[in-house]
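Read the structure below first, then the notes.
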Amino acid sequence: MFESLSERLGGVFDRLRGRGALSENDVREAMREVRVALLEADVALPVVRSFVDKVTEQAVGQSVLRSITPGQQVVKIVNDALVEMLGAEASELELAVTPPAIIMMVGLQGSGKTTTTAKIAKRLTDKERKKVLMASLDVNRPAAQEQLAILGEQIGVATLPIVAGQQPVDIAKRAMQAAKLQGYDVLMLDTAGRLHVDTQLMDEMKAVATVAQPAETLLVVDSLTGQDAVNVAKNFSEQVSLTGVILTRMDGDARGGAALSMRALTGKPIKFVGTGEKLDGLDVFHPGRVASRILGMGDVVSLVERAAETIQHEEAEALAAKMAKGQFDMNDLRAQLQQMQRMGGLGALAGMLPGMKKIQGAMAQSGMDDRILVRMDAMISSMTPKERAKPELLQAKRKIRIANGSGTTVQEVNKLLKMHQEMSTAMKKIRKMGGLKGLGALFGKGGGGLGGLLGGGGLPGMPDATGGDMPKLPPGFENLLKKK
């Protein structure tokens, strides 16, 4: 998300950082480019005007122009202004009420409301250990209630039994009674949507809200609709007391204008962003982290959190034991590749690491994506158990067999083996340096591991934008991925 805006702003600020001193004209020229970049990202004009005026006023001050690092000072001012525009702090769900806490989901048809209802239910169940009941109040869209029931089965969350012919208000009353009697912590009401805002939709929504008195009323909007998403949010907020907004399909929105305009124009916090169709594709919206990613400074905190959530502790302990002996075979390499896939793939990791936007650009220009990880896994799968345990057995004929079996080339197999060799060497160095305690020092010197995976030979079939190999990751990246 925000790729195009991040690229434009990155170019502006790189030029500012490259100058030893800045004049007022330099700052104003840069702010004009920022203004154009925000408008091209589909940010609302009033929001752009307010943002640029505020940043310019602070950036042309004497404390900035006379600073030792004026370019960095301007970037900091922009970052702080972005955080304020996006809402300053993350806004979690407020469920500190007498159970069951009722969450009412509203929005237009096609915005992803039903899927988002299931995503929130899964999050509350898995991460907050809440007992959740879901109920569909959508009696207009064909099979809407059945869809929620199927999603409930997939995530292991109960749904209210369907009674044919019941109207939304009656379904809400029955759901509330069932939730109280059966001791549920949270009741989620998935209301009906329409193709556009109309009187019938609003009347139905108000009637349900009057009966349910929800603790949270969340509006689900499709971020790909840009400023239309903001207009929908304004219309809903005028009719019902919204407590927050959820933006869906943020992974497909390279501009991000809806997110940047939403809080400023509606006054409602963005609570979550949906990324992908998978039922775990829901992230808390952290304004500070989003601002950092827009400005190309990465999001290391989210990277660590994702690693902690997805790491397989048994695999990590087994790898640690082998590392202590200086061992690292193809099975261990495969485990690390699978860990990267669980964390969202190369693109997601690059977006969270400071200064790694070039990797994403190289991936796009070379036509490569996370299928690279799949191809490497296929090569390892084409090896025999003995070859995976002892890669030194892989001579010319075996390499040809592996390449044919995995649909790759011998050159790609050689790159994979080179990557493994570098990582194996790193494991031996760790042992010599005192085991795991020496890991930080090793990677501070640009050693192997995942730093070697993306550097020193690059990914198989993955050149960078200039035709060379991929750049190395910043020091310490391996530590982040291993952090529990």
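Tabulated data
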{"item": "Single unsatisfied condition, Ala30 versus (1) modelled with pLDDT under 80; (2) part of a helix (DSSP H, G or I); (3) over 27 Å from the mean Cα position of the chain (by Cα)", "result": "(1)"}
{"item": "Check on Ala158, without any contact (Cβ under 8 Å) to a residue 60 or more places away in the chain, out of contact with any Pro (no Cβ under 6 Å at 6 or more places or on another chain) and surrounded by 14 or more Cβ atoms within 10 Å (Cβ to Cβ)", "result": "yes"}
{"item": "Set Lys54, Lys76: member being surrounded by fewer than 21 Cβ atoms within 10 Å (Cβ to Cβ), within 17 Å of Ala291 (Cα to Cα) and at pLDDT 85 or above", "result": "Lys54"}
{"item": "Leading residue by the ranking (nearest to Val410 (Cα to Cα)) among those in segment 357-381 that are surrounded by fewer than 19 Cβ atoms within 10 Å (Cβ to Cβ) and modelled with pLDDT of 85 or more", "result": "Ala378"}
{"item": "Test: residue in segment 199-221 that is surrounded by fewer than 18 Cβ atoms within 10 Å (Cβ to Cβ) and of a type in the set (D, E, K, R)", "result": "yes"}
{"item": "Unique residue being more than 19 Å from Ser136 (Cβ to Cβ) and touching a strand residue (DSSP E or B) at 6+ places or on another chain (Cβ under 7 Å) when the list is Val220, Val232", "result": "Val232"}
{"item": "Residue in segment 104-124 that is over 18 Å from Thr275 (Cα atoms), part of a loop (DSSP other than H, G, I, E, B) and of a type in the set (A, V, I, L, M, F, W, C) present", "result": "yes"}
{"item": "Complete set of residues in segment 109-134 that are among the small types (Gly, Ala, Ser) and more than 19 Å from Thr98 (Cα to Cα)", "result": "Gly110, Ser111, Gly112, Ala118"}
{"item": "Lone qualifier among Ser111, Ser67 - being surrounded by fewer than 19 Cβ atoms within 10 Å (Cβ to Cβ) and either among the small types (Gly, Ala, Ser) or at pLDDT 85 or above (or both)", "result": "Ser67"}
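The values are calculated or read from the model by the stated rules, or taken from the named source; none is laboratory data. Keep in mind that this is a model prediction, so the values were computed, not measured. Note that we place each Cβ from the backbone using ideal geometry, even for glycine, and neighbour counts take in every protein chain shown.
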